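The values are calculated or read from the model by the stated rules, or taken from the named source; none is laboratory data. These figures come from a predicted structure and were not determined experimentally. Here the Cβ positions follow ideal geometry from the backbone for every residue, glycine too, while neighbour counts run over all protein chains shown.
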Amino acid sequence: MVSNPYLPKLAKIESIKDEAPETKTFKIKILDEKIRDSFNFSPGQFIELTVFGYGEAPFSITSSPMVHENFSITVRKMGNVTKGLFRLREGDFVGVRGPFGRGWPLEKMKENDVLVIAGGIGLAPLKPLIEYIILHRKMYNNVKLFYGAKTPKDIIYKDMFDEWRKYIDVELTVDFAEKDWSGHSGPVTVLFKNFQPSSDNIYSVQCGPPIMMHFVTRQLSSIGLPPEKIYFSLERNMKCGMGFCGKCMTGGRYVCKEGPVFNYSEVKNFLETPV
Amino acid sequence: MERFLTIDKGLMDNFLERVMEYYQLIAPVRTEKGVLFEYISGKEEVDLTYSGHTILPPKKFFFPPVEEMFVYEYEDSGNIRLYDLLDEVSKGKRVIVGVKPCDINGLLVLDKVFTGEYNDPYYAARRKNTLVIGLTCNRPMEYCFCAYLNTGPFIKRGFDILLSDLGDKYIVEVGSEDGWKLIKFNLDLFSEARRDDVEEREKLLMKVEEDIRSKGLPYFETIEGALREKFLDEMWDEYGKKCLACGKCNFTCPTCRCFTITDEPNPDLKSGKRVRTWDSCHFLSFTRVASGEVFRRDRPSRFKQRIYHKFVYSINEIGSISCVGCGRCVEVCPAKINIMDVIKEVTFGVKPLSAKIGED
């Protein structure tokens, strides 16, 4: 019989963790041991998650690519599928297809500085990259994370930053500061105020709302990063993950299989402006 | 495999009857609304005399408007079970007869999309279990423009058998081993074709080609550059204003294949099915993500997506443009947008009279 790429692999929710208001991280274990063992992904790739009866939606994998026992996704309650997912409990069934797409340029970035910029839940697809870099710390030069969220409450992976700070620079900012917030305030671009790349050997990777990526890209260009070293992950309505359904097509490219990670020089050649 | 035979029109019924003993037959049927491809229960329903195109292309028999993909069901034990409906799709053998060259080429486009880098097993299974008997055109309709795309009236591949109407008989070209098998067990109905018959078909098709080529269109392979240059042209605003975003052009197109995937739970909430449904790049919801963001909000951008996918993006995607010149979108558009006018305007920079906004 032909294997059917539309048929999800059965999986169970192992644990659910609150990250921020309406935002949770779900740890998921694929039931079949063989499939689980062969489930390899590259940071920046995504899966299609089935909540039976609600449908399927794409989510970035947020766990470390080194972990095979299970994987995680961080989800904000937004649409139909996420509403269904938030009603599930530990031990409930879900379905998994993937991983799909092209992730961050791990190889190209080696021996370079890496500037990671994230907005809100946009940190999710960058977390496995940060964890990969930390595991291979010697292969990368200066690594810095600029992360912006709406309010301190909206910051995800709050308990990770202290660990990450042992290996990389982390700077946080919030749009709306509260009394007990002593850090930066303003959009993520405020973190560029005193930032100058120390060399030409620098890559930037980013994920966030389209408006953030627009201004961050402008900022990066103004400090001299060439378009081919500015990478971002695009969000689109990806139904099939294989370039069939046509929904994610942007300027002639399928975000699901050619992306979701693109560099700015690729994107500049799109007829449609995606960022 | 170039092999020509003939069959008397009076014997065609016998041939189709024999085909129906082994295969499910799909054929053009004349109805009040027009000619449609349908499953046939009796040979008398088949109409091989239609000109131009059927209302819908044969696409729906390979990529149905609603495809049930799998069923999920919670068992009493609490476990969940999936039943793959692909197994059903793979069953049964079919023959589709009376497919015009434009529509055959439409299937060849879908083949490249659905069985390229990834394999769509539902489409592939239906394609595999269906033989195609083509039918060339004797008389083009006003909306036909295949001759500018090399998708008709001549056709070289994509059929198992190809019929051409020569008045009192059909000349039959065998296009594949499977096609030959269909004929070889029924050879009593066929005669070897004479050279005259082959020449007559050639003449007939040349006449059709000539008729179609009186429309003053550019050859479509040459328009990619002009389209790239005109992506930001004002002309799209006008077409965008005129377009009703109804999606009729998508649903009648032999190569449009965009879809969405949803779950349909049963009332017991313990079982349900996953379905995929035809979708349209003209719909506002097409690019909407969960946050509510719509990436092609304004109508000109959605209008352009169909045109650019067909004539520009497709070249990179499958190596050719993906319009086959059947003219269905011209026929069905309630706003009377004519793709031939669009292409003329892109290429020659002249707004054809029929495309003036607000004047129908």
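Brief remarks on what is shown
- When the range B:321-354 is limited to residues that are in a loop (DSSP other than H, G, I, E, B) and within 14 Å of chain A (Cβ to nearest Cβ), the one that is farthest from B:Phe259 (Cα to Cα) turns out to be B:Ile321.
- Strands (runs of 3 or more DSSP E) enclosed by the range A:93-208 - at least 3 residues per element that are in the same structural domain as A:Lys27 (by TED's automatic domain parsing) and touching a residue at least 40 places away in the same chain (Cβ under 8 Å): A:93-100
- Test: residue in the range B:216-233 that is on the phi > 0 side of the Ramachandran plot and of a type in the set (Gly, Ala, Ser): yes
- The range B:198-248, subset farther than 16 Å from B:Phe348 by Cβ, in contact with a helix residue (DSSP H, G or I) (Cβ under 7 Å, 6 or more places away or on another chain) and among the aliphatic types (A, V, I, L, M), residue nearest to the other protein chains (Cβ to nearest Cβ): B:Ala245
- Selected residue (criterion: nearest to the other protein chains (Cβ to nearest Cβ)) from residues of the range B:102-127 that are without any contact (Cβ under 8 Å) to a residue 24 or more places away in the chain and assigned to a helix (DSSP H, G or I): B:Ala124
- Residue in the range B:131-147 that is assigned to a helix (DSSP H, G or I) and either within 11 Å of another protein chain (Cβ to nearest Cβ) or farther than 18 Å from B:Trp278 by Cα (or both) present: yes
- Qualifying residue in the range B:159-168 (condition: modelled with pLDDT of 95 or more, under 21 Å from B:Phe62 (Cβ atoms) and either in a helix (DSSP H, G or I) or acidic (Asp, Glu) (or both)): yes
- Subset of the range B:56-101 that is basic (Lys, Arg) and not in a strand (DSSP E or B) - its residue that is nearest to the chain's Cα centre (by Cα): B:Lys59
- On the stretch given as the range A:209-252, residues that are within 13 Å of chain B (Cβ to nearest Cβ) and part of a loop (DSSP other than H, G, I, E, B) total 18.
- Test for A:Leu126: is it within 17 Å of the chain's Cα centre (by Cα) and at pLDDT 95 or above: yes
- The requirement of being crowded, with 18+ Cβ neighbours inside 10 Å and on the phi < 0 side of the Ramachandran plot is satisfied by B:Asp279.
- Filter result (among the aromatic types (Phe, Trp, Tyr) and part of a loop (DSSP other than H, G, I, E, B)) within the range B:256-300: B:Phe283, B:Phe295
- Residue list for the range A:53-77, restricted to those being buried (at least 17 other Cβ atoms within 10 Å of the Cβ) and either free of Cβ contacts under 8 Å to residues at least 40 places away in the same chain or within 14 Å of chain B (Cβ to nearest Cβ) (or both): A:Gly53, A:Tyr54, A:Gly55, A:Glu56, A:Ala57, A:Pro58, A:Phe59, A:Ser60, A:Ile73, A:Thr74, A:Val75, A:Arg76
- Options B:Arg306, B:Arg288; residue that is out of contact with any Leu (no Cβ under 6 Å at 6 or more places or on another chain), within 11 Å of chain A (Cβ to nearest Cβ) and surrounded by fewer than 22 Cβ atoms within 10 Å (Cβ to Cβ): B:Arg288
- A:Val170 fulfils the conditions (1) modelled with pLDDT of 95 or more; (2) of a type outside the set (Gly, Ala, Ser); (3) touching a Gly at 6+ places or on another chain (Cβ under 6 Å) except for a single criterion, (3).
- Yes/no for A:Leu85 being within 14 Å of chain B (Cβ to nearest Cβ) and surrounded by fewer than 21 Cβ atoms within 10 Å (Cβ to Cβ): no
- Scanning the range A:5-48 for residues that are within 20 Å of the chain's Cα centre (by Cα) and either charged (D, E, K, R) or within 12 Å of another protein chain (Cβ to nearest Cβ) (or both), we see that the one that is farthest from A:Val205 (Cα to Cα) is A:Lys29.
- Considering residues of the range B:80-100 that are at the interface with chain A (Cβ under 9 Å from one of its Cβ atoms) and over 15 Å from A:Gly53 (Cα atoms) only, the residue modelled with the lowest pLDDT: B:Ser90
- Members of the range B:51-101 that are without any contact (Cβ under 8 Å) to a residue 24 or more places away in the chain, among the hydrophobic types (A, V, I, L, M, F, W, C) and more than 22 Å from A:Asp32 (Cα to Cα): none
- None of B:Leu25, B:Leu56, B:Leu48, B:Leu16 is more than 19 Å from B:Ile161 (Cα to Cα) and assigned by TED's automatic domain parsing to the domain that holds B:Val172 except B:Leu56.
- Screening A:Gly103, A:Gly95 for residues that are small (Gly, Ala, Ser) and within 14 Å of chain B (Cβ to nearest Cβ) leaves exactly one candidate, A:Gly95.
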